[in-house]
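The values are calculated or read from the model by the stated rules, or taken from the named source; none is laboratory data. The model shown is predicted, which means the values in this text are computed figures rather than measured ones. Every residue, glycine among them, receives a Cβ derived from its backbone with ideal geometry; neighbour counts consider all protein chains shown.
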Amino acid sequence: MAQDEPTPQILIVDDDPEIRVRLGRFLRDHGLGVHEAGRASDVATALQRRQIDLVVLDVMMPGDDGLTLCRRLRRDNDIPIILLTALSSDTDRIVGLELGADDYVTKPFNPRELLARIRALIRRSGMASASRPSRPAAPAYRFADWLLNVNRRSLTSPEGHLVVLTSGEFDLLAVFAENPQCVLSRDQLLENLHGRIIQQFDRSIDVHISRLRRKIEPDPSHPTLIKTIRNEGYFFTPGVELVIDMANQGTRT
């Protein structure tokens, strides 16, 4: 990492001190800042004391479990969350995503896979990568009177209200805005979001789309902006205007 780039700060939340120590050492060896919390009650303190860029959260903890904490974190902010779960069924993983997690890793896990997921989420959440030059003026996308600002990573409703999106929801909407009025398969969406090949039973895209529809569709039960194309994928229906200078000027795509 370049010297002028901030070191990403990771909060590991796990009641097992051995996992925290080993994982913390591995992440520090790969250039990340690491902080630890052994209980859910320690998380709020950790977030108040320092800027945390991502939370690695164990699901199975005594007291308030990881799912409860995930819901609480997502209610208050949009910090990226990766769940560590020993629950391998699709239903259990979907519950975590429904509660606001951005990704999950199933125990036992390869630390290098977790590191890759962390780096991908940090890149997507807006931190600069050492290998990627910064862009002086990232675009914004206007569609159906919504404004998606890539530079600020913000979404403004037609009424002028900021709508809170998770990192995964924002990036999914950005992919749709970049590819309007064409069918995108789940495989294509996963490749854009995770940079990894789809798993046979990976339902995370469907969950993220369901959550996104609840935030942008007038009637999520009858979506008009993000339509499902049976056996093919998803179709983003509105025309999209690429706004370069953020002064209501742009080019229609």
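Here are the numbers:
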{"quantity": "Residue within the stretch 11-22 that is assigned to a helix (DSSP H, G or I), over 19 Å from ARG93 (Cα atoms) and in contact with a Pro (Cβ under 9 Å, 6 or more places away or on another chain) present", "calculated": "yes"}
{"quantity": "Pairs with Cβ under 6 Å, 6+ apart, first in the stretch 160-187 and within 16 Å of TYR234 (Cα to Cα), second hydroxyl-bearing (Ser, Thr, Tyr) and surrounded by 16 or more Cβ atoms within 10 Å (Cβ to Cβ)", "calculated": "ALA177/TYR141; LEU184/TYR234"}
{"quantity": "The lone exception for ARG123 - which of (1) at pLDDT 90 or above; (2) outside any loop (DSSP other than H, G, I, E, B); (3) not hydroxyl-bearing (Ser, Thr, Tyr) it fails", "calculated": "(1)"}
{"quantity": "Which numbered condition ALA101 misses (of (1) surrounded by 14 or more Cβ atoms within 10 Å (Cβ to Cβ); (2) free of Cβ contacts under 8 Å to residues at least 40 places away in the same chain)", "calculated": "(2)"}
{"quantity": "Members of the stretch 32-57 found to be assigned to a loop (DSSP other than H, G, I, E, B) and under 18 Å from PRO80 (Cα atoms), listed by number", "calculated": "LEU32, ARG50, GLN51, ILE52, ASP53"}
{"quantity": "From ARG20, ARG39, ARG49, residue being over 30 Å from LYS215 (Cα atoms) and modelled with pLDDT of 90 or more", "calculated": "ARG20"}
{"quantity": "Output for the stretch 164-219, where each listed residue is modelled with pLDDT of 85 or more, in a helix (DSSP H, G or I) and in contact with a Pro (Cβ under 7 Å, 6 or more places away or on another chain)", "calculated": "ARG213, ARG214"}
